[in-house]
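This report refers to the structure that appears directly beneath it.
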Amino acid sequence: MPKLSPRASKRNSVNVSTKKAKITTKNLNLYYGGSHALKDITMEIPECAITAIIGPSGCGKSSLLRQFNRMNDLIPIARVEGEAYLGETSIYGKSTDVVELRKKIGMVFQKPNVFPMSVYDNIVIGPKHHGIRSKSALNDIVERTLNQVAMWDELKDLLHKPGQELTAGQRQRLCIARTLAGDPEVVLMDESCSALDPESTMKVEDLMIQLAQKYTILIVTHNMEQAVRVSDMSAFLMIDLDDDDSARKVGKLVEYAPTYDMFTNPTDKRTEDYITGRYG
């Protein structure tokens, strides 16, 4: 079982029970054609906190993350049942503006997907798309977001350098800055440190903790130590037999709890087996 470091213990001492729910799901289901990918996911994700989604490969962690900003809409065979809310707004409501939703719920992917343009243009592409044309306003956004990801001093004289020429760690933080430029309420991070070296990973983890003071952060990670180090809440998913069709398997939420509680006293034997490395 991952050891709780002093840093992790301090981080996980945050009382999430006093926080309002930022995202709520009720019996949320996801299908890919005839395949049932996720079944009856019910959870309340607290605002201004970090929630880690953990579990073995193929259990639906990334699919669940993409439910929250409707990225699965881009898959023609995907179908959603159940309810999901951002605050009081239905994520899958018929009147929901998906473009506006994705502005409120930004996403950072596993591989730093820096666009083939300058550092400056990578950051302002979103604000420009949403109608901001003032050069001074765009300059302010660039300075603000680079300060948020602790890269202003590194890059303030290199704003016209191609973003793809940055180091892997810098590229990932640039992608985070680009997400923050849209002024989101929620930031989704899908294995955002898996391609980084330990030093860059530590910088991104420190950044997550800082950002959680203002934003709601959800991360998918295979790294149990990372979940312990940074998250307030953890959701453990696994593949299990479908209660309605024992011939099929489906991704289910096994346990959802404060990270400290889950890693020190899991309530489900399957959770204990996973976090102690017995399987997965």
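Where a number appears in this text, it was derived from the coordinates with a stated rule and is not lab data. Please read these numbers as outputs of a predicted model, since none were measured by experiment. All Cβ positions, even for glycine, are placed from backbone atoms using ideal geometry, and neighbour counts span all protein chains on display.
Below is a table of values for the structure above.
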{"quantity": "Qualifying aspartates and glutamates (Cα of each under 14 Å from Cα of residue 39; at least 8 residues distant if same chain)", "calculated": "81, 83, 240, 242, 243, 244, 245, 255"}
{"quantity": "Pairwise FRET efficiency - residue 248 versus residue 115, Cβ, R0 = 41 Å, nearest 0.05", "calculated": "0.55"}
{"quantity": "Entries of 22/103; 111/249; 103/135; 19/104; 20/103 with Cα pairs more than 23 Å apart", "calculated": "111/249"}
{"quantity": "Length-normalised contact order of the chain in % [C-alpha pairs under 8 Å, at least 6 apart]", "calculated": "28"}
{"quantity": "Cubic angstrom per residue, convex hull over Cα atoms of segment 36-194", "calculated": "137"}
{"quantity": "Prolate/oblate/rounded call for segment 153-280, Cα gyration tensor, a/c under 1.5 rounded", "calculated": "prolate"}
{"quantity": "Cα gyration tensor shape for segment 126-203, rounded if a/c is under 1.5, else prolate or oblate", "calculated": "oblate"}
{"quantity": "Helical mean residue ellipticity (222 nm; -39500 (n - 2.57) per DSSP H run of 4+; nearest 500) of the chain", "calculated": "-9500 deg cm²/dmol"}
{"quantity": "FRET efficiency, residue 97 to residue 278 (Cβ-Cβ, R0 35 Å, nearest 0.05)", "calculated": "0.20"}
{"quantity": "Calculated Cα extents along the principal axes in Å (choose from (i) 70, 43, 37; (ii) 58, 46, 35; (iii) 52, 43, 32), label", "calculated": "(ii)"}
